[in-house]
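*Asks:* This is the structure I have questions about; it appears just below.
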Amino acid sequence: MRLVPLLGDQLSPGLASLRGARRADTVVLMAEVAEEAAYVPHHRQKLVLVFAAMRHFAADLRAAGWQVDYRRLDDPDNRGSLEAEIVAAACRHGATAIRMVEAGEHRLRAMQQALAAATGCTVEILPDDRFLVPLAAFERWRAGARRLRLEDFYRWQRRETGVLMAGDAPLGGQWNFDSANRKPLPRGLKPPPAPAFPPDAVTCEVIDLVTARFPHNFGEVDRFGWPVTRAQALHALHRFVAERLPRFGDYQDALAHGEETLFHSLLSTSLNLGLLVAREVIDAAVSAVGAGAAPLNAVEGFVRQILGWREYVRGLYWWAGPEYGALNALGATRPLPDFFWTGETRMACLADAIGQTRDHAYAHHIQRLMLIGNFAMLAGCSPQAVSDWFLVVYADAYPWVEEPNVIGMSQWADGGLMATKPYAGGGNYINRMSDHCRGCAYDVKARVGERACPFNALYWDFLARNRAKLAGNPRLLRVYDTWDRMSAEARTATRAQAAAFLATLKPARPGWARAD
Ligand code: FAD
Ligand code: DLZ
Ligand code: SF4
C-alpha cells in the first residue's frame, strides 16, 4: 500500500503525487492539525478557508474513486501535527511507500525529510510542478544573471514560455506597460462587485468549529465568501476575465476609500491552495487579448503578476533559505502599533485598509505595499513583527510568498535583494493615487503641526534616520538633495514632528492575537 499525504495547500486534482498513482493500492491522507492551525494565530477566515477547501477537495477525490483517509481537527484521537498523522496513517494502512509533493515552506520540508526514518517507508518527494519555474531552473537563471531583478526574470520567462510573444519579440513591441498602468480611479467609475460564494453546509460546519476553537483570533468570519472548491474558483476566474481584467491594468496602482478590491482578481487564495494553477489563469487572461475582450496593457499587467512576481518570489524564498525571514538591514525594532489589530486610527487610509483586512482577510497589493507596509517601514517597526502580522491576517498568506514580499519588497530588510530602493512614500503619493485624504482628520499637505499627515514627517525622518545605509543609493540622490535643501529649522521641526507622533503609538499587547 502506498500513502499519498496531501498538504492543505496541495488541493489540485492534477497534483504530481496523484498522477500515475493507482487508486486500488493508494490511500490519500489529508489531516487538519493543531500545529498548522496555530503556528501563527491565523485570521479566522483563513482557517475556515483552508479547512473548508480541504474537506471539499477530499469529497471530490472520493467521488473520483480515491480512497481518502481524512483527519478532522475535532477527531478525538487527532495527533496534532502533520508528521504524527503521517506516521500513524502509515502504520494504520500498512504502507511501505510514501509519495508526496514537496511542501511549500522550509519548516514542512524538514518534516518531509525526516519521514523515512520516522515511518520505515521508502519516501519519494516530487517537485511541485504547479509552479511554472522549477527551482533548479530558477537557480540556473540566478547563477547566470547579472543581477537579481524581477524585470530580467520576467523577460526570461516570457521567452521561455512564449506567453505574450510574437516570435522573439514581446507582443505589442513592449515588455511592459507600467507607464499606462498608474491611473487613479476616476470619480463615478464603480468597479463591479467581486463574486462571493456563500458558505454551504460543509463550510458552515467549519465556521462553527473555527469559531469555537479559535474565539480570540483576529478577524471576522460572518461574511465569509471565498471560493472553497475548484468549480467555484474557476467561476471566479471566468468572472474576473470577463468583468475586471479589461481595466486591471489602468487601475492596478490605484487606491479608493471603501473600494476593497477595485479591479484586482482575488485569485491569490485559490492559486495558493491549488484550486487553480498558474498556467490556466495565465492562459485565460491571454485568450482575452486574442478575443479582443481585454487590452494588452491589462493582460500584460496581470500576466506579469503571476508569470513574473509569483514565480520570482517563490524562487527567491527557496534560494535565500530560512535565514531570509530574520533579515533586518535597517535595524528596525519598534513593536507594531496596536491599531494594526484594532483598526482604530485617525489615519483614514490605514483605518480603511486594516478594517477591510479584519473583515475580509484581503487587501489588494497597493494597500499592502503603499499603505500598511510603507507605514510600518517609515515608523521603524521590526520587520519580523511586520512579517508575522502579514502571515496572520491575509487569507492568501504562506511563508514562501509572504516573506519575500514583506521582508524584501515592503520593508527593505534584505538590504536591496528584492527592490532597488525602499518602497517609501509620503502623503502626497497616497493623495495622488487615492481619495482617502479628502475624508481624513489629517491634512495631507502639511508636514508639521497638529493636523499634519503623519506619513509626511515619517517619510523624511525615515530617510534621515537611515541616511548612512541609503544615501549612496543612486535612486535616492534626488530625495536626499531635497532634504538637504530644506532649512535646518524645517529639518529639526520635521524630525520632532515624527518623534512626537511615534511617541503616541501604543505598542500592540504581546500575544494580542494568540489563540487561547
Ligand atoms: P491581483 O492584483 O489580481 O494579482 C493577480 C495574482 O498575481 C495574485 O492573485 C497573485 O497570485 C499574483 N501576485 C501579484 N503580486 C504578487 C506578488 N508581489 N507576489 C506574489 N504573487 C503576486 N501575495 C500572496 O499570495 N500571499 C501573501 O502572503 C502576500 N503578502 C504580501 C505582503 C506584502 C507586504 C505585499 C506588498 C504583497 C503581498 N502579496 C502576497 C502579493 C499581492 O499583494 C497579493 O498576491 C495580491 O494582493 C492578492 O490579491 P489578488 O489575487 O486580487 O491579486
Ligand atoms: C495553513 C494551513 C492550516 C491553517 N492548516 C493546515 C492543516 O491543518 N493541514 C495541512 O495539511 N495544512 C494546513 N495548512 C497549510 C500548511 O500550514 C502549509 O502552509 C503548507 O502545507 C505548506 O506547503
Ligand atoms: Fe492617509 Fe495622510 Fe491622507 Fe490621512 S492625510 S488619508 S493619513 S495619507
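*Asks:* List the trypsin sites (Lys or Arg not before Pro) within segment 350-456 that DSSP assigns to loop and that have no more than 13 neighbouring Cβ atoms inside 10 Å.
*Replies:* Sparse-neighbourhood loop trypsin sites (Lys or Arg not before Pro): 445, 451.
*Asks:* Let me ask something else. For segment 35-140, state which trypsin sites (Lys or Arg not before Pro) are in a DSSP loop and have at most 10 other beta carbons lying within 10 Å of their beta carbon.
*Replies:* Numbers: sites: 44, 46, 55, 62, 71, 72, 79, 92, 99, 107, 109, 130, 140; in loops: 72, 79, 130.
Filter output for segment 35-140: empty list.
*Asks:* Out of segment 134-195, which GluC sites (Glu not before Pro) are coil in DSSP terms and have no more than 10 other C-beta atoms within 10 Å? Present the calculation step by step, with values, prior to reporting the outcome.
*Replies:* On the way: sites: 139, 151, 160; in loops: none.
Within segment 134-195, no GluC sites (Glu not before Pro) qualify (loop, at most 10 other Cβ atoms within 10 Å).
*Asks:* Sticking with this structure for a sec: Could you look at segment 176-254 and say what percent of its accessible area is carbon and sulfur, using a 1.4 Å probe and all protein chains?
*Replies:* Ligands and nucleic acids excluded, carbon and sulfur give 56 percent.
*Asks:* Still on this structure: List the extent of the Cα atoms of the chain along each of their three principal axes, largest first, rounded to whole Å.
*Replies:* Sorted from largest, the Cα extents of the chain read 78, 57, 46 Å.
*Asks:* Right, next: Mind checking which of 470, 58, 28 is farthest towards the positive end of the chain's charge dipole, using Cβ charges of +1 (Lys, Arg) and -1 (Asp, Glu) about the Cα centre?
*Replies:* The residue sitting most towards the positive pole is 470.
*Asks:* While we're here: Charges only on Cβ, +1 for Lys and Arg, -1 for Asp and Glu: so what's the dipole of segment 131-247 about the Cα centre, in debye to the nearest 20?
*Replies:* So the magnitude is around 680 debye.
*Asks:* Let me ask something else about it. What angle, in degrees between 0 and 90 and rounded to the nearest 10, separates the Cα long axis of helix 278-290 from the longest principal axis of the Cα atoms of the chain?
*Replies:* 60 degrees
*Asks:* Related question: For the chain, give me the percentage of DSSP beta bridges that are antiparallel, rounded to the nearest 5 percent.
*Replies:* Roughly 15 percent of the beta bridges in the chain run antiparallel, per DSSP.
*Asks:* Follow-up question, since we're still on this one. Carbon and sulfur: what percent of segment 339-503's accessible surface (1.4 Å probe)?
*Replies:* 52 percent
*Asks:* Could you give the angle, 0 to 90 degrees to the nearest 10, between helix 150-161's Cα long axis and the longest principal axis of the Cα atoms of the chain?
*Replies:* 40 degrees
*Asks:* Please report, in debye to the nearest 20, how large the charge dipole of segment 350-481 is about its Cα centre when each Lys and Arg carries +1 at its beta carbon and each Asp and Glu carries -1 there. Write down the numbers at each step before the final one.
*Replies:* On the way: 13 positive and 12 negative charges, 123 e Å.
Charge dipole of segment 350-481: 580 debye, to the nearest 20.
*Asks:* Using a 1.4 Å probe, what is the accessible area per residue for the chain, in Å²?
*Replies:* 40 Å²
*Asks:* Given R₀ = 22 Å, FRET efficiency for residue 419-residue 178 by Cβ-Cβ distance, to 0.05?
*Replies:* On the way: r = 15 Å, r/R0 = 0.67.
The pair residue 419/residue 178 has a calculated efficiency of 0.90.
*Asks:* For the chain, what is the charge dipole size about the Cα centre, in debye to the nearest 20, if Lys and Arg each add +1 at the Cβ and Asp and Glu each add -1 at the Cβ?
*Replies:* Taking the Cα centre of the chain as origin, the dipole is about 1360 debye.
*Asks:* Rounded to the nearest 500 deg cm²/dmol, what is the calculated helix-only ellipticity per residue at 222 nm for the chain, with -39500 (n - 2.57) per DSSP H run of length n ≥ 4?
*Replies:* -12500 deg cm²/dmol
*Asks:* Another one. Using only Cα atoms, tell me the angle between helix 454-465 and the longest principal axis of the chain; keep it within 0 to 90° and round to the nearest 10.
*Replies:* It works out to around 90 degrees.
*Asks:* Under 25 °C and 0.890 mPa s, how fast does segment 339-503 diffuse according to Stokes-Einstein, given a Kirkwood radius computed over C-alpha pairs? Answer in µm²/s, whole number.
*Replies:* 150 µm²/s
*Asks:* Give the accessible area for residue 349 in Å² (nearest 10); use a 1.4 Å probe, count only protein heavy atoms, and leave out ligands, DNA and RNA.
*Replies:* 10 Å²
*Asks:* State the Cα centre-to-centre distance between segment 423-465 and segment 13-62 in whole Å.
*Replies:* 44 Å
The values are calculated or read from the model by the stated rules, or taken from the named source; none is laboratory data. No experiment lies behind these values; they were computed from the predicted model shown. Positions of Cβ are backbone-derived with ideal geometry, glycine not excepted, and every protein chain shown enters the neighbour counts. SASA here: full protein model, heavy atoms, side chains in, ligands and nucleic acids out. Shrake-Rupley method; radii C 1.70, N 1.55, O 1.52, S 1.80 Å.
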